Amino acid sequence: MDISVRRLCKEFDRYPALNGVSLEVGSGELIALLGPSGSGKTTLLRLIAGLEFPTSGSIYFGKEDASQKSVQERNVGFVFQHYALFRHMTVIDNISFGLRVRGRRNRPSDAAIRKRASDLLDLIQLPNVANRFPHQLSGGQRQRVALARALAIEPRVLLLDEPFGALDAKVRKELRRWLRELHERTGHTTIFVTHDQEEAMEMSDRVVVMSQGRIEQVGTPDEIYDRPASPFVFSFIGDSGELAVTIDRGEVFLDGRSLGPLAEGLPDGRARMFLRPHDLEITDDPAGAISGEVATVRRHAATRRIEIAVGEKRQRIEVAVPATRGFVPEGTQTFRPVRCRLFPAN
Amino acid sequence: MVSAVLPKLKEPSVIPGFGTTLGFTLFYLSAIVLIPLGALVLRAAGLGLSEFLTLAGDPRTLAALKLSFLASLAAASINAVFGLLVAWVLVRYDFFGRRLIDAIIDLPFALPTAVAGIALTSLYAPNGWIGGVLEPLGLKVAYTPIGVVVALTFVGLPFVVRTVEPVLRDLDREVEEASATLGAGRLATVTRVVLPALLPALLTGYALALARAIGEYGSVIFIAGNIPYVSEIAPLLIVIRLEEYNYAAATAVAAEMLAIAFLMLLAINLIQAYSRRRFGHAA
Ligand SMILES: Nc1ncnc2c1ncn2[C@@H]1O[C@H](COP(=O)(O)OP(=O)(O)OP(=O)(O)O)[C@@H](O)[C@H]1O
Ligand SMILES: [Mg+2]
């Protein structure tokens, strides 16, 4: 089922939580909504589910306008951050709930419901917990039960709000891989919210980066990382440093020194230069290089991160060098930008 | 979903002071509850079996006990239903005058019971505001067992409202939303998801309202009319016997009340313990 969100706005007491969001999700896609706290991710997800109604705009499931439908009619699987399991029901009753509450005409037979629930228990790899209560399960197990409960109704789309938010790092990693595999097998159109960019990058086909109730960029993980569409996306995704520069006829100047013709096609004037730690190389050639004083050196997995203070304003940026160099620089060093990204300052 | 485990005897526990608090609880319970009740039981035992049976089996006594307990059960049941509704409205809706209603709920706690009794009587008497309307319909409230139920309902209402309210307020909205996304309509969500979660609190409120109703005296005697065999409650009968200096009969009625009340509250507690375990509330 493909989903089309068109110019969606949502206000809470005149506070705009979503500002004209448009998004196309293809059938069978796994999409991550990524953004800082308060950017409207949960709001967007709840609007798609029908748990909240838009101030304006519409939502289409395939060809039909879902905005007119109640949450019960939309047939979405929703997984809540804190699972929201029914604590007075056993795991198996939780999972079969969605089938049991159906009207008599649509309800499968008792045997069929039991079969479906136990198939789902196999799918979530918890065949032995059927008769336990939610409080007798670990966090990761509860999360999987919540997912099975959502899948039981054969939803048209699967919506997950920070599905791994409350779990420890190791369990998160396992569940991530498991969910990705599950998605490949079942092929549900899936939208999940996260503010862990590693999770978003690793799991999803496409990432939606949100900020302040707007979509900043939609793209594959590669596009988001390598071609950020805005200063916000650049600084939000991955590590980055920023330098204030000026552009004059395509040439970039840092404190009056030329860094070379890096800004072809960009308007003259002040600009913001964004650099990732891996975009800088140590060099001896001062031409077109950035020089700065080494402030700190830290070990970061397989690299060493050198923080340098650049120019009169002592703007700080980070440079990554291979840890194997065994090289601890001191004093002033020069670096050549291999890649960078420029945005006009406003 | 944090489940706390009560420390077992002798097991080392991170919660300090278990021995001290248990000791204090037992002492306190003995001084305030067990010793006076024990004295009552001793006194009753002193009567001798045959005399006790004669006194306890007295038709007027039996009629009074029957009225007391049936009316109390009825009142507590009415309160369970309407108290739940009131709690629901207070928690789930914001409307003009909500605070006022909230404050009014506690009035039966604070009002001297005699005042309540007189007020209710004047309302429900055949010439009162409500009684005047009901009388032509053939429904007599004051000076009948129905009047007893009305008074007991009045005094018991806050118990149910005040025990259910906080639990309902803390109920996770996401659970109801989850139910809705799974296709459950409002009615199914309320009956299958919300009510089971409220059941332990509702039972507590029911037990409290019941206990209060069984022991209630002041508000009932005005509206009941106190006709022997018809609208005379057991606590009143005890007072009457005392006034006749018939301590033996008073003791017998009291002992019977004690036994029945204890059994009823024990039963409710057992149901509650079962439902807590069943419904996964922290044991
Ligand atoms: N029911 C509500 N009433 C009023 N304001 C709300 C409500 N729900 C959300 N908001 C506001 O809307 C904005 C977006 O909230 P939302 O929950 O969608 O953020 P989020 O991106 O999910 O954040 P987080 O990562 O912290 O979960 C926030 O500023 C929040 O305060
Ligand atoms: Mg959120």
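Couple of notes before you dig in:
- Projecting the Cα atoms of A:76, A:232, A:33 onto the charge dipole of region A:3-233 (Cβ charges, centred on the Cα centre) puts A:76 farthest toward the positive pole.
- Kirkwood-Stokes translational diffusion coefficient of region B:52-279, alpha-carbon pairs, 20 °C, 1.002 mPa s, µm²/s: 111 µm²/s
- Residue ranges B:83-89, A:142-148, B:107-113 sort as A:142-148, B:83-89, B:107-113 when ordered by packing (mean number of other C-beta atoms within 10 Å per residue, highest first).
- Which of A:48, B:15, A:124 has the fewest Cβ neighbours within 10 Å, and the rest in rising order: B:15, A:124, A:48
- Shielding by partners - mean other protein chain Cβ count within 10 Å, residues of A:141-153: 1
- For region A:261-308, applying the loop criterion from DSSP together with a ceiling of 13 other beta carbons within 10 Å to the GluC sites (Glu not before Pro) yields A:264.
- B:223, A:191, B:240 arranged by Cβ crowding within 10 Å, fewest neighbours leading: B:240, A:191, B:223
- Furthest towards positive pole of dipole, A:288, A:250, A:342, structure part region A:239-344, Cβ charges: A:342
- Fraction of the pair-distance distribution of the protein assembly as shown above 49 Å, Cα-Cα pairs, percent: 40 percent
- Placing +1 on the Cβ of every Lys and Arg and -1 on the Cβ of every Asp and Glu, with no other charges, gives chain B a dipole of roughly 500 debye about its Cα centre.
- Nearest-20 debye value, region A:117-250 charge dipole, Cβ charges on Lys, Arg, Asp, Glu: 520 debye
- Dipole magnitude of the protein assembly as shown about its Cα centre (Cβ charges: Lys, Arg +1; Asp, Glu -1), debye to nearest 20: 1280 debye
- For region A:73-104, the set of trypsin sites (Lys or Arg not before Pro) satisfying both a DSSP loop assignment and a count of at most 11 other C-beta atoms within 10 Å is given as A:104.
- Rounded FRET efficiency, nearest 0.05, which uses the C-beta distance separating residue A:198 from residue A:37 and R0 of 22 Å: 0.85
- D (Stokes-Einstein, µm²/s), Kirkwood Cα radius, region A:3-233, 1.567 mPa s at 4 °C: 71 µm²/s
- Residue separation of residue B:262 and residue B:70 scaled by 0.36 nm, minus their Cα-Cα distance, works out to 67.6 nm of gained length.
- Radius of gyration and Dmax over the Cα atoms of region A:239-344, both given in Å: 13.6, 42
- Sorting A:183-190, B:145-152, B:70-77, B:37-44 by their mean Cβ neighbour count within 10 Å, with the most densely packed peptide first, gives B:145-152, B:70-77, A:183-190, B:37-44.
Computed from the coordinates by the stated procedures, all read-outs in this text should not be read as laboratory data. This one's a predicted model, so the numbers in the text were calculated from it and none came from an experiment. A quick note on method: Cβ atoms are made from the backbone with ideal geometry, for glycine too, and the neighbour counts reach across all protein chains shown.
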